[in-house]
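Working notes for the structure below.
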Amino acid sequence: MDRTQKTEIVNMCMVCRGDQVLVLDKVHKEWGGYTFPGGHVEREEAFADAVIREVYEETGLTISAPMLCGVKDWVNEDGSRYLVLLYKAHRFSGELTASREGEVFWMPLEELLSDEEHISLDMKDLIKVFTRDDLSEFFYYQEEKQWKYQLK
């Protein structure tokens with residue numbers, strides 16, 4: 001039995017400053033709205049280095065000591081897997097600046113969770129993986145051709 005699987009690896013980071021989180025107002029047709037910064041892991045790049053680089057590219061901030069706190073994943077119709085490594089960071093330096101990905105700003109976490117109009121798809125439940133010690137995975141699956149998810 002072949003245990004290899006083509007996998008696309010990306011990351012996302014919840015950068016915290018007290019009770020506030022760094023929010024990216026992502027400009028993207030398929031997945032826009034308020035989310036956290038992140039992006040693709042390059043070939044042969046360490047995962048922690050990738051999240052540090054992506055946060056810097058999208059926000060102008062250099063995070064340090066990012067902590068892996070969970071994953072978001074699913075299997076595509078072609079059998080490949082999409083894996084999002086979820087990080088938290090409390091230490092950072094630099095000056096906040098927008099990028100081509102969208103505007104960035106600080107927002108109280110509770111305000112983000114209550115902003116039904118702007119928050120990205122499934123972000124409210126994804127934040128549970130970032131913030132709860134009893135969860136580590138946000139897993140999408142298909143049932144009767146409908147995408148559903150479980151928090152584990």
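The values are calculated or read from the model by the stated rules, or taken from the named source; none is laboratory data. Just so we're clear, the structure is a prediction, and the values are computed from it rather than from any experiment. Here the Cβ is made from the backbone with ideal geometry for all residues, glycine too, and neighbour counts use every protein chain on show. Please note that ligands, DNA and RNA were not included when accessible areas were found on the heavy atoms of the full protein model with its side chains. Shrake-Rupley method; radii C 1.70, N 1.55, O 1.52, S 1.80 Å.
Just one residue in the set Val51, Val104, Val71, Val55 is of a type in the set (Val, Ile, Thr), modelled with pLDDT of 95 or more and closer than 30 Å to Lys145 by Cα; that residue is Val71. Please find, within segment 79-95, the residue that is nearest to Leu109 (Cα to Cα) out of those that are open to solvent by 20 Å² or more (accessible area, probe 1.4 Å), in contact (Cβ under 8 Å) with a residue 60 or more places away in the chain and not charged (D, E, K, R). Per the criteria, the residue is His90.
Looking only at segment 82-101, filter to residues that are at pLDDT below 95 and part of a loop (DSSP other than H, G, I, E, B); which one of those is nearest to Leu151 (Cα to Cα)?
Filtering segment 82-101 for residues that are at pLDDT below 95 and part of a loop (DSSP other than H, G, I, E, B), the one nearest to Leu151 (Cα to Cα) comes out as Glu101.
The number of residues in segment 26-48 being surrounded by 15 or more Cβ atoms within 10 Å (Cβ to Cβ) and modelled with pLDDT of 95 or more comes to 8. Scanning segment 1-25 for residues that are open to solvent by 40 Å² or more (accessible area, probe 1.4 Å), at negative phi and not aliphatic (A, V, I, L, M) turns up Asp2, Arg3, Thr4, Gln5, Lys6, Thr7, Glu8, Arg17, Asp19, Gln20, Asp25. When residues in segment 116-126 are screened for being in contact (Cβ under 8 Å) with a residue 40 or more places away in the chain and open to solvent by less than 80 Å² (accessible area, probe 1.4 Å), 5 of them pass. Would you confirm, using the coordinates I've provided, whether Val129 is at pLDDT 95 or above and crowded, with 18+ Cβ neighbours inside 10 Å? Considered against the rule, which asks whether it is at pLDDT 95 or above and crowded, with 18+ Cβ neighbours inside 10 Å, Val129 comes out as yes. Here Gly79 clears all of (1) part of a loop (DSSP other than H, G, I, E, B); (2) more than 22 Å from Thr7 (Cβ to Cβ); (3) of a type in the set (Gly, Ala, Ser) except the condition numbered (2). Would you pick out the residues in segment 106-135 that are under 14 Å from Met14 (Cβ atoms) and not in a helix (DSSP H, G or I)? Listed by number, the residues that qualify are Trp106, Met107, Pro108, Ile119, Ser120, Arg132, Leu135.
Considering segment 49-74 alone, what residues qualify as being under 22 Å from Thr7 (Cα atoms) and assigned to a strand (DSSP E or B)? Correct list: Met67, Leu68, Cys69, Gly70, Val71, Lys72, Asp73, Trp74.
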